[in-house]
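Presented below is the structure to which this report refers.
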């Protein structure tokens, strides 16, 4: 049991009956607590030579889990990298006024407004370059709801191609972005989206924000020399990683939790100690609603036209299978710790899968095979 599981186990009843968590919060908490618990199932492997047995428990696959969240981030980074065009990309960050943050916490459907605002601003910026030829960039948006101190701070990270592809297959490179336009256009687009969603009651706040933020919302879009190789490594940092890494939790004494972070403004090391229940509240507020898409593809990365196949990708299709093999749990352990978990420690032979268990019950491998094949047939029908 890791330190995060210990904290949530100790306060489980208090979480459930005093914090009144959302269904998605409770579901992810339960998954995280039972991650790696053999009683919830796993796979039994046996060495065919010496009959040595090894049980590998199932993981929870929740992004809230510090172990599975990292795994999820690796897999999504890999899949995202396969889509990237072989060109320079720019990392942009779209932020909002802190006085608007509580609206998104109280009504999480408003988070869709952030995506729509970023999409409209970028597509309009490229469309203005040449309306007749319709230059379209490729961009991927990732929603983050937390900052380093774990506070509620919704903002969008965007990986944007420095160029657009026209309807008649012409690529136009773009290395100048108008920051004034981005700031003002994003502010206008988001406030309009919010007013449309919330209604007339938002008009007073909208006028106040315009008066307060006369230069628009802060948008980071400076050139950062993200060539295809660099950006593939870079995007993993901004994907669905866990809210906090276990290494950032310094101690837990049953009542208080101490954690640290590097302050964004000056990179200063900050250590903070707070009551455990407050620490839990900080973490669970960042659990998204079930089926909510935190990563969204737009422009060239969202469409599947025949003409777009002419674009060169950063990673050739021939390398996809090889690269994806590195995200498998067996390969992960081999690369991280230097040993193959499915090699028998006694006779050095590869172990074979013999049984699968789920909730203390043996599951027939033949039954699993038949279920899988039935799903494949349904998809291909």
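The values are calculated or read from the model by the stated rules, or taken from the named source; none is laboratory data. What you see is a predicted model; the values in this text were computed from it and never measured. Note that we place each Cβ from the backbone using ideal geometry, even for glycine, and neighbour counts take in every protein chain shown.
Looking only at residues in the range 151-172 that are in contact with a helix residue (DSSP H, G or I) (Cβ under 8 Å, 6 or more places away or on another chain), on the phi < 0 side of the Ramachandran plot and outside any strand (DSSP E or B), the one that is modelled with the lowest pLDDT is 167. Within the range 87-106, restricting attention to residues that are touching a helix residue (DSSP H, G or I) at 6+ places or on another chain (Cβ under 8 Å) and modelled with pLDDT of 95 or more, the residue that is surrounded by the fewest Cβ atoms within 10 Å (Cβ to Cβ) is 99.
Residue pairs whose Cβ atoms lie under 9 Å apart, sitting 6 or more positions apart in sequence or on different chains, and linking a residue in the range 56-84 that is in contact (Cβ under 8 Å) with a residue 12 or more places away in the chain and on the phi > 0 side of the Ramachandran plot to a partner that is in a loop (DSSP other than H, G, I, E, B) and buried (at least 20 other Cβ atoms within 10 Å of the Cβ), are 61/35. For the range 76-86, filtered to residues that are touching a strand residue (DSSP E or B) at 6+ places or on another chain (Cβ under 7 Å) and buried (at least 20 other Cβ atoms within 10 Å of the Cβ), the residue that is farthest from residue 293 (Cα to Cα) is 85. Screening the range 20-47 for residues that are free of Cβ contacts under 8 Å to residues at least 12 places away in the same chain and part of a helix (DSSP H, G or I) and picking the one that is farthest from residue 108 (Cα to Cα) gives 30. Quick check on the range 213-234. Is at least one of its residues at pLDDT 90 or above, loosely packed, with under 11 Cβ neighbours inside 10 Å, within 27 Å of residue 102 (Cα to Cα) and not assigned by TED's automatic domain parsing to the domain that holds residue 11? Yes, the range 213-234 has at least one match. With respect to residue 60, determine if the residue is modelled with pLDDT of 85 or more, touching a helix residue (DSSP H, G or I) at 6+ places or on another chain (Cβ under 9 Å), under 25 Å from residue 155 (Cα atoms) and surrounded by 16 or more Cβ atoms within 10 Å (Cβ to Cβ). No; evaluated as a whole, the condition is false for this residue. Residues that are part of a strand (DSSP E or B) and under 14 Å from residue 347 (Cβ atoms) within the range 48-76 comprise 53, 54, listed in sequence order. Being out of contact with any strand residue (DSSP E or B) (no Cβ under 9 Å at 6 or more places or on another chain), under 30 Å from residue 85 (Cα atoms) and crowded, with 19+ Cβ neighbours inside 10 Å is the filter here; which residues of the range 240-298 pass it? 241, 242, listed by residue number. Of the helices (runs of 4 or more DSSP H) entirely within the range 275-381, those holding at least 1 residues that are at pLDDT below 70, over 30 Å from residue 29 (Cβ atoms) and in the same structural domain as residue 18 (by TED's automatic domain parsing) occupy 365-380.
Evaluated against (1) within 28 Å of the chain's Cα centre (by Cα); (2) at pLDDT 95 or above, residue 199 falls short on exactly one condition, (1).
The requirement of being surrounded by fewer than 20 Cβ atoms within 10 Å (Cβ to Cβ) and not in a helix (DSSP H, G or I) is satisfied by residue 175.
Only one of (1) in contact with a strand residue (DSSP E or B) (Cβ under 6 Å, 6 or more places away or on another chain); (2) within 30 Å of residue 259 (Cα to Cα); (3) assigned by TED's automatic domain parsing to the domain that holds residue 156 fails for residue 7. Which number is that? Here residue 7 meets the rest and fails (3).
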